[in-house]
Structures are given as structure tokens and as C-alpha cells.
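Report on the structure given below.
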Amino acid sequence: MDKPKRRHFRPIHLLLLIPYVAMMWVGSYNRIAPEIAGVPFFYWYQLLWIVLGAAVMIPVYLADERDEASRK
Amino acid sequence: MNTTAVTIFVALFALVTVLGFVAARWRRGNLNELHEWGLGGRRFGTIVTWFLLGGDLYTAYTFIAVPAVLFGAGAQGFFAVPYTILVYPIVYAIYPRLWSVAQAKGYVTAADFVRGRFGNHALALAVAVTGIVATMPYIALQLVGMEVAIAGLGISMDTTFPGIGTIHGFPLLVAFVVLALYTYNSGLRAPALIALVKDALLYILVIAAVIIIPIELGGWGKIFAAADPKTLLLAAPTAESLGPQAAYATLALGSTLALFLYPHAVTGLLSSSSRHVVRRNAVILPAYSFALGLIALLGTMAVAAGVKSMPQFAEGFKAFGNQYAVPALIVHSFPSWFVGVAFAAIAIGALVPAAIMSIACANLFTRNIWKEYVNPAVSGKGEAQVAKIVSLVVKAGALFFIIELPTTYAIQLQLLGGILIIQTLPSVIFGLYTNRLHPWALLIGWGAGIGAGTWMAAANAFKASIYPITLFGYTIPCYAAVSSLILNIIVTVVLSWAFNALLRTPPSDQTVEADYI
């Protein structure tokens with residue numbers, strides 16, 4: 001390669017922003033109903049986002065690793 | 001004193017002590033080199049890094065303090081959950097670059113990187129000193145976590161010896177001498193190996209707690225019904241103020257941005273064996289966040305259990321305030337053998353981060369102060385020797401802090417710690433993407449952020465980190481770390497533009513783009 005390697009932006013990385021939108025919008029989850037097994041929405045929804053937050057990273061990870069492997 | 005619980009506690013403590021010394025032989029390397037002693041030879045794979053970072057970031061103090069806020073103030077304390085959710089996308093996207101450049105250039109600390117990227121001694125020194133100052137009270141707080149666990153077991157802090165007299169804080173002293181010795185001996189390998197035990201105990205504690213305690217209390221519905229309805233949610237915004245919801249969001253965001261600037265987090269990340277390990281860990285570390293979320297709810301359970309009004313816990317609450325909520329709930333809910341396991345989980349949970357924090361401070365001091373200003377010709381062996389001694393000094397300092405000064409001091413300083421460390425973000429994080437920021441602009445921005453942040457914390461008498469910002473007659477309660485960081489960034493960007501336009505000095509950058517990918 002004669003040109004230096006350049007970073008290129010991959011749109012799939014936008015997935016990583018989703019948890020920020022979800023969590024910073026506190027008004028969207030600051031409520032009691034619906035409850036699950038007696039746990040108010042505020043609490044179980046945020047616990048659920050721990051799982052969702054990890055889940056959005058998986059497709060990004062797979063894409064990045066494939067991309068890096070193909071560059072080698 | 002609860003004999004069964006104390007016996008199990010001491011046995012588990014002895015086990016991790018042995019592991020701490022044995023660790024020196026694990027994945028053997030020359031412990032007379034700083035990157036071997038202080039970064040475990042950058043050899044930790046996905047699983048070990050997962051245990052190490054889990055043990056490092058989710059500290060004993062978190063397990064005491066977060067539930068304490070839910071216990072005392074309700075929903076506000078749950079900000080720790082979005083905080084730990086938001087940390088990992090950042091780690092995923094940004095930190096592989098730091099790992100790669102550190103590997104390519106032999107950097108051991110964030111300040112090493114800043115020095116190489118911007119070629120400015122003063123800026124690197126500012127980053128290093130900020131790291132050390134922000135970490136010291138954090139180590140002291142690990143001792144608070146341990147102190148609370150020891151008190152929960154009913155062991156007295158004052159031990160009287162015939163002929164010598166009473167030594168205040170003796171059990172803590174023993175624990176920390178042991179910790180200091182194996183950290184000195186084994187370096188980062190010790191907490192890495194002990195983290196396996198810590199995390200196993202922690203998961204056992206969490207699973208037991210979220211199954212057994214709600215059954216004892218009659219179900220989750222009853223637990224939340226017992227909570228104060230006024231603090232079960234955050235108050236809604238009003239016409240004049242965004243209210244607690246803004247505080248909640250900025251606390252989560254500010255804590256997120258600060259976490260991976262802390263030296264112990266950087267040390268943990270740089271000890272991994274590849275950038276792929278960093279990425280994989282960003283994806284799998286949220287498993288700990290889930291444990292943290294459930295532990296946070298112990299605070300709500302403690303309200304429902306009514307531990308605060310029980311006479312046997314009066315003394316503990318008097319000494320530690322709401323931080324005694326979790327220990328009291330544990331003693332109240334579990335048979336004594338399991339109380340021993342639970343408190344061992346908390347105390348060992350304090351040892352792992354305390355060890356990594358002291359190693360991280362030692363790395364910073366050795367690389368960015370000693371080698372830079374005292375003895376530039378220091379050999380690799382000399383570096384490792386200085387770091388080992390500094391790790392002892394740092395721990396002795398933290399111990400003195402906690403025994404001699406009131407605990408509230410450490411908590412207030414820790415509050416300030418987040419506000420201080422976040423000011424290194426433009427140098428470290430922006431620095432990973434550009435060398436066009438001017439080092440003197442970064443330094444002035446850092447100073448402006450530290451000044452403004454400290455001023456806001458002082459205006460709250462160092463008791464709270466939320467400072468209301470009023471814009472056009474509308475109040476936004478904002479975590480001081482976030483508002484001071486915004487000021488820092490504005491100053492940095494504006495002055496960089498001005499300095500670059502006026503001075504036209506070319507960037508003095510040791511790194512090239514290929515080092516980062």
C-alpha cells in the first residue's frame with residue numbers, strides 16, 4: 001500500500017449510540033407501570049437494557065472482526 | 001462476634017493470600033520489568049481480563065455505596081445501572097486504539113500516551129498527577145468497604161494487646177499489610193488471580209440474595225410497596241427546572257466518561273493480550289453490570305426488611321450511616337456460615353481493586369514522574385523497583401487516611417475524584433483521534449475544568465456533586481463533572497484553533513495512524 005491506512009467510518013457503529021439515546025431519555029422510563037412480578041417499570045426496564053446494551057455490540061463486533069480479518 | 005461467620009471469613013481470606021503469593025509464578029515473566037510487574041506482561045486473554053476488569057471496576061465500595069443510596073434516597077441511586085450500560089459501547093469503540101498504540105510504543109500509562117502524542121512534559125505531568133490524586137481516595141474507600149464488612153462480622157476495630165495497648169484499626173492493618181506484601185511480590189498477577197475467587201463469591205452472593213431475600217420478604221411486590229412512594233421514581237420536571245431526571249442522566253453520563261480514564265481501568269485494559277480481547281470484553285463485561293443492578297436493589301430490600309429500626313444494628317448505622325444497610329440485611333437474612341461467605345466476598349472485593357489501583361498509581365509515578373524528572377536513566381529493573389516501593393507507600397497513605405481521618409473525608413474526595421479525572425478526557429480520548437489539539441490549549445482547558453469543577457463541588461461544601469446550572473431562567477441540575485468537562489472542551493478547542501493559527505508549530509507526535517489500528 002502506498003497510501004497510509006485510513007480510518008473509515010462504518011455505519012454499523014451507529015448501533016452503539018442506541019443505548020445512549022435510550023438511557024439519557026430518562027422521561028421515557030420514569031414510571032411504575034407496567035410492573036413485572038411486582039418490579040416497577042423504572043427498575044426492570046433499565047436492567048433489561050444491560051442485556052440489550054450488550055446485544056447491540058454483538059453485530060458490530062462480528063462486522064469489525066470480519067473486516068479486520070479480510071484486511072490481513 | 002459470630003464465630004462461624006468469622007471462621008469462614010478468615011479461611012477465605014487466607015486462601016486468597018496464598019493465591020496472591022503463588023500468582024508470581026503464574027504465566028511467568030521477569031517481574032523486574034515494569035510491564036511485567038505492572039501490566040502482567042500484557043498477556044491476559046479474554047477470560048482472565050474479564051475476571052480482572054470485573055474485579056477491578058465493580059469495587060467493594062460500589063457494592064456498599066450504591067445500595068446505600070437506594071436505601072436512603074431511592075431511585076436516584078439506580079443511576080449506577082445506566083452508568084454501567086453506557087460504559088461499554090465507549091470501551092468497544094475507543095479503547096482498542098489505546099491498546100494498539102500502547103503496544104506499538106511500549107506505553108504503560110495514559111500519561112505515557114499523552115507525552116508521546118503531544119510531546120509536552122507539562123501536559124503529561126498534569127495527566128499523571130490527576131490520575132494519582134483521583135485514585136488515592138478511591139483506594140481509601142475500598143478500605144471503608146472492608147471496614148464495614150469487618151464491622152458486620154462483629155469484630156472490633158480496636159484490638160488491645162497486653163503490654164502494648166490498644167491499636168485502632170488493627171484488623172484493617174493486618175489485611176492491608178498482607179495485601180501490600182503480595183502486591184509487592186507478584187504485581188498485577190496477584191489481583192488477576194484473586195479476582196477469580198472474588199467474582200465467584202460475588203456471583204454466589206448475588207444469586208442467593210435475589211432468590212432468598214425476596215422470598216423471606218414476601219415477594220418483589222411487597223419490597224417495592226414498602227419503599228417510600230415519593231422516591232420510588234424520580235420527580236418530574238417542572239416549568240422552572242429539569243429536576244432530578246437531569247441529575248440522573250448527567251450522573252450516569254459523567255460517571256461513564258470518567259471510568260475508563262481512571263488509572264486502574266487503563267491498567268486493566270492495557271494488560272490484555274490483544275485489541276480483540278478489549279472488544280470481546282466490552283461485549284461480555286455487562287454480565288457484571290447485571291450483578292451490580294441486582295446488588296443495588298439490596299438497598300430497596302433493606303428498606304422492606306426494616307433493618308434500620310432493629311436494635312442489633314443501631315451501632316452499625318450510627319458508625320457507618322446508610323452504608324450499613326447491606327451488611328445489616330446480610331446478617332438479618334442469612335445463616336451465619338453464609339454471612340461469612342458474603343462478607344468475604346465484600347472484603348476480597350475490596351482487595352482486588354485496591355491492589356490494581358495502587359499498581360496503577362505506582363506505574364504513573366514511576367513512568368511519568370520518577371523517570372521523567374528524577375532519574376531519566378533508570379533501568380528497567382530500577383523502574384520495577386521504584387514501582388514496587390510506591391505501591392507500598394500509596395497503600396500506607398490510604399490506610400493512614402482511613403484510620404486517622406473521618407470517613408466522610410474520603411467520600412468527599414472520591415466525589416471530587418470523578419470531577420478531576422474526567423478533565424483528562426480531551427488529552428486522552430480526543431488525543432486518540434487527533435494530534436491537532438494544541439498541548440498548551442489542552443493544559444489550559446484541563447486547568448479550567450479542574451478549577452470550575454472544584455469550585456462547584458466546594459459550593460456544595462463537597463457534600464454533593466450535582467450543581468444547578470441556570471440557562472435563560474431554566475434550571476438544569478447537572479453533575480459537576482459534566483458541566484466542567486464541557487467548559488474544558490470549549491476552552492481546549494477554541495485555544496487550539498487560536499494557538500495553531502498564531503504559532504503554526506507542527507505537532508510533535510511520536511505516533512503514526514498505523515500504530516492505532
Q) Charges only on Cβ, +1 for Lys and Arg, -1 for Asp and Glu: so what's the dipole of chain B about the Cα centre, in debye to the nearest 20? A) 960 debye
Q: Using a cut-off of 13 Å between beta-carbons, work out the net charge of the residues near B:V114 (Lys and Arg +1, Asp and Glu -1, B:V114 not included).
A: +1
Q: Determine the distance separating the Cα centre of the stretch B:305-326 from the Cα centre of the stretch B:107-171; give it in Å without decimals.
A: 26 Å
Q: Would you please classify the overall shape of the stretch B:457-500 from the alpha carbon gyration tensor, given that a ≥ b ≥ c denote the square roots of the eigenvalues, rounded means a/c under 1.5, and beyond that prolate means a/b larger than b/c while oblate covers the rest?
A: oblate
**Q.** Kirkwood Rh in Å, taken over the stretch A:20-71 so that all alpha-carbon pairs contribute
**A.** 13.0 Å
Q: In whole Hz, with x marking every Gly and Pro, tabulate ³J(HN,Hα) for the stretch B:217-222 from phi via Karplus 6.51 cos²θ - 1.76 cosθ + 1.60, θ = phi - 60°.
A: 8, x, x, 4, x, 5
(Q) Multiplying the sequence separation of B:S156 and B:T7 by 0.36 nm and subtracting their Cα-Cα distance, what value in nm do you get? (A) 52.1 nm
Q: Please report B:S465, B:S271 as a ranked list, fewest other C-beta atoms within 10 angstrom at the top and most at the bottom.
A: B:S465, B:S271
Q) Given labels modelled 7 Å from the Cα in the Cβ direction, how far is it in nm from B:E513 to B:A287? A) 3.8 nm
Q) Considering only the protein assembly as shown, what is the antiparallel percent among its DSSP beta bridges, to the nearest 5? A) 85 percent
Q: Work out, step by step, the length gained on full extension between B:L15 and B:E240: first 0.36 nm times the residue separation, then minus their alpha carbon distance; give nm to one decimal.
A: 75.3 nm
Q) Hey, fewest Cβ within 10 Å first, where do B:C361, B:C478 land in order? A) B:C478, B:C361
Q: Name the shape class, rounded, prolate or oblate, that the alpha-carbon gyration tensor gives for the stretch B:1-99, where a ≥ b ≥ c are the square roots of its eigenvalues, rounded holds for a/c under 1.5, and otherwise prolate holds if a/b is larger than b/c and oblate otherwise.
A: oblate
Q | Placed amide H near B:S241: partners under 5 Å, 5+ positions off or other chain | A | B:T475
Q: Report the residues of the stretch B:53-78 in range of a label on B:R27: point 7 Å along Cα→C-beta, backbone N strictly under 12 Å from it.
A: B:53
Q.
What FRET efficiency comes out for B:Y433 versus A:E65 if R0 is 25 angstrom and r is the Cβ-Cβ distance? Round to the nearest 0.05.
A. 0.70
Q. Nearest 0.05, what FRET efficiency do A:F9 and B:A122 give at R0 = 35 Å with Cβ-Cβ as r?
A. 0.55
Q: Would you kindly derive the ³J(HN,Hα) couplings of the stretch B:290-299 from the backbone phi angles with the Karplus curve 6.51 cos²θ - 1.76 cosθ + 1.60 (θ = phi - 60°), listing them in order in whole Hz, with x for Gly and Pro?
A: 5, 4, 4, x, 5, 5, 4, 5, 4, x
Q. Of B:K198/B:K463; B:K371/B:K395; B:K198/B:K395; B:K222/B:K308; B:K198/B:K381, which sit over 26 Å apart, Cα to Cα?
A. B:K198/B:K463; B:K198/B:K381
(Q) Nearest 5 percent is fine: what portion of the DSSP beta bridges confined to chain B is antiparallel? (A) 85 percent
Q: Using only the Cα atoms of the protein assembly as shown, build the gyration tensor, take square roots of its eigenvalues as a ≥ b ≥ c, and label the shape rounded, prolate or oblate: rounded if a/c is under 1.5, else prolate if a/b is larger than b/c, else oblate.
A: oblate
Q. Rounded to two decimals, what ratio of Rg to Rh does chain B give with C-alpha atoms and a Kirkwood Rh?
A. 0.97
Q) Taking θ as phi - 60°, what are the ³J(HN,Hα) couplings along the stretch B:328-342 by the Karplus curve (6.51, -1.76, 1.60), each to the nearest whole Hz, with x for Gly and Pro? A) 5, 5, 4, 4, 5, 9, 10, x, 5, 5, 6, 4, x, 4, 5
Q.
Can you compute the charge dipole magnitude of the stretch B:173-299 about its Cα centre, using +1 on each Lys and Arg Cβ and -1 on each Asp and Glu Cβ, nothing else charged? Give it in debye, rounded to the nearest 20.
A. 440 debye
Q: Return the FRET efficiency for the residue pair A:I36, B:I215: r is the Cβ-Cβ distance, R0 is 22 Å, and the value is rounded to the nearest 0.05.
A: 0.80
Q. Just from its helices, what would the mean residue ellipticity at 222 nm be for the protein assembly as shown, if runs of 4 or more DSSP H residues each count -39500 (n - 2.57) and the sum is divided by every residue, rounded to the nearest 500 deg cm²/dmol?
A. -22500 deg cm²/dmol
Q.
Can you sort B:T505, B:T49 from fewest to most other Cβ atoms within 10 Å of each residue's own Cβ?
A. B:T505, B:T49
Q: Let me know the charge dipole size of the stretch A:20-71 about its Cα centre in debye, to the nearest 20, where only the beta-carbon of Lys, Arg (+1) and Asp, Glu (-1) is charged.
A: 180 debye
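Coordinate-derived values only; no laboratory data. Everything numeric in this text was worked out from a predicted model, so none of it was measured. Note that we place each Cβ from the backbone using ideal geometry, even for glycine, and neighbour counts take in every protein chain shown.
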